[in-house]
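The values are calculated or read from the model by the stated rules, or taken from the named source; none is laboratory data. What you see is a predicted model; the values in this text were computed from it and never measured. Don't worry about glycine lacking a Cβ; one is built from the backbone with ideal geometry, like all the others, and counts go over all protein chains shown.
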Amino acid sequence: MTTITRIDPFRELASFFQSFEPNGKDQLTAGSFVPPVDVYEDEQNLILKLEVPGVNEEDLNVSVENDTMTIQGERKFEKEEKEENFHRIERRYGSFLRTFKLPNTVDAEKVEASYEKGILKITLAKRAEAKPRQIKVGSGEKTLQG
């Protein structure tokens, strides 16, 4: 009898980037403004892209402490219109806090953040030992000296 096992190569990475609030609740079910995030990697970096349109650059804060990265920000309600003139408000406003547990393959000293067109991009450099290395394959014949 043959057993087929499904392999999920992203399971380990997903557990490293477990998103949580200080009180232990899952941020995505907390009911507040939570910007969506994409996480991907290449040979040199782990990259996070957060969708935060309408947030000013000066209202964003990214910090790393130990193995935890914290991203804070605030989308402020536009006061140009009087509230009583609104028929419906569906966009979420207010402050947000996202925290991510970083894998040990990330160099916490080499973190860069940029903001363009409503996208906050955070680049986390991998440690040298975590980067793939090219290994030269020899001919297989070894000479013994004795």
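Summary table
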{"item": "Breaking point among (1) surrounded by 10 or more Cβ atoms within 10 Å (Cβ to Cβ); (2) modelled with pLDDT of 90 or more, for residue 58", "result": "(1)"}
{"item": "Of all residues in the range 68-107 being of a type in the set (S, T, N, Q) and either part of a helix (DSSP H, G or I) or within 20 Å of residue 120 (Cα to Cα) (or both), the one that is modelled with the lowest pLDDT", "result": "85"}
